[in-house]
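Taking it in order: structure first as C-alpha cells, then the write-up.
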Amino acid sequence: MTEFLAGFPGPLALLFAAAVLAAESGLLIGIFLPGAGLVVALGWLAGHGVLEVWAAIGTAAAASAGGAQLGYLLGGTGSGRLREFAVRRFGADRIESAVDGRAVAAAQALAVARTVVPRLAARSGVGHLRFTACTVPVALAWSTAWVLLGAWSGAAYEQVRTASGLFGVPLLLVIALVALVVRWARRRTRTRG
C-alpha cells in the first residue's frame, strides 16, 4: 500500500486514502478494505516527508469518522437485515445492551466492528448526537496513534503494518471476554441478591 500511495502526489494520496477509509467504515464492503494498515502507510509517508503529519492525521480521522456517520445514516434507512441477523444470532436483549456508547466508541478502533457497529447502533436506537460524540474522539485518537506509529516506525514499518492489521482481532476477543465476565458477574450478583 505504501508504494502505491507514494506514487501519487501528496494531496492525491490523501484523497485516495480518505475515500478508502470512508468506505471502510461506512460501507459494508469496508470489511474487506485496509483500515489501520492504510493509516500506518500514511504515517510512514509523513515520516519520510511525502506528507505532513497533521494532514495525514486529519485526513484519516475525518474520513474514518465521516464513514462512520455514513454507516449510521445507511443503517437508519436500510432494510435492517444486519440487525435481524444479529438478533436471530444473539438475541434482541444482547444486541440492545451491547450497542451502547462504550461499544460504539470501542468499535471505532477495531477492524470489521468499525464497519458493522454504526449500522447496528442506528437500528438499536442510539441517538445520532450520542453516536457522533462517541465516534469522533476515538477516530481522532485512533488515527493519531496509527499515523504517529507509522511515522516513527522507520525500518520496522513492515512489522508495524502487519501487526496493525492483526491487532484488531485479538483486541476484539479481549473486549468480548471482558464483556462476558462482567455479564456473568452481574447475573451472579442478581441471583444472590
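The values are calculated or read from the model by the stated rules, or taken from the named source; none is laboratory data. Quick caveat, the model's predicted, so the values are computed rather than measured. All Cβ positions, glycine included, derive from the backbone under ideal geometry; neighbour counts span all protein chains shown. Only protein heavy atoms, including side chains, enter the accessible area calculation; ligands, DNA and RNA are left aside. Shrake-Rupley method; radii C 1.70, N 1.55, O 1.52, S 1.80 Å.
Just to make sure I understand: if all protein chains stay in place, what is the order of H128, H48 by accessible area at 1.4 Å, largest first? Could the numbers behind the result be given before it?
Values: H128 80, H48 105 Å².
The ordering from most to least exposed comes out as H48, H128.
Counting only other residues whose beta carbon sits under 14 Å from that of Q69, what net charge do I get with K and R as +1, D and E as -1? Intermediate results must be reported in sequence, preceding the final value.
Working: positive: R114, R119, R130; negative: E24.
Residues close to Q69 contribute a combined charge of +2.
If you add up the charges near T59, with Lys and Arg at +1 and Asp and Glu at -1, over every other residue whose beta carbon is less than 15 angstrom from its beta carbon, what do you get?
On the way: positive: none; negative: E24, E52.
Spelling it out: positives minus negatives among the neighbours equals -2.
Once the mean 1/r over all distinct Cα pairs of region 23-79 is inverted, what Kirkwood radius in angstroms do you read off? Intermediate values should be presented prior to the final figure.
Values: mean 1/r = 0.0825 Å⁻¹.
Taking the inverse mean of 1/r over all distinct Cα pairs, region 23-79 comes out at 12.1 Å.
For R119, R190, give me the order by solvent-accessible area with a 1.4 Å probe, most accessible first, ignoring ligands, DNA and RNA. Please report the intermediate quantities before stating the final value.
On the way: R119 35, R190 170 Å².
Largest accessible area first, the residues go R190, R119.
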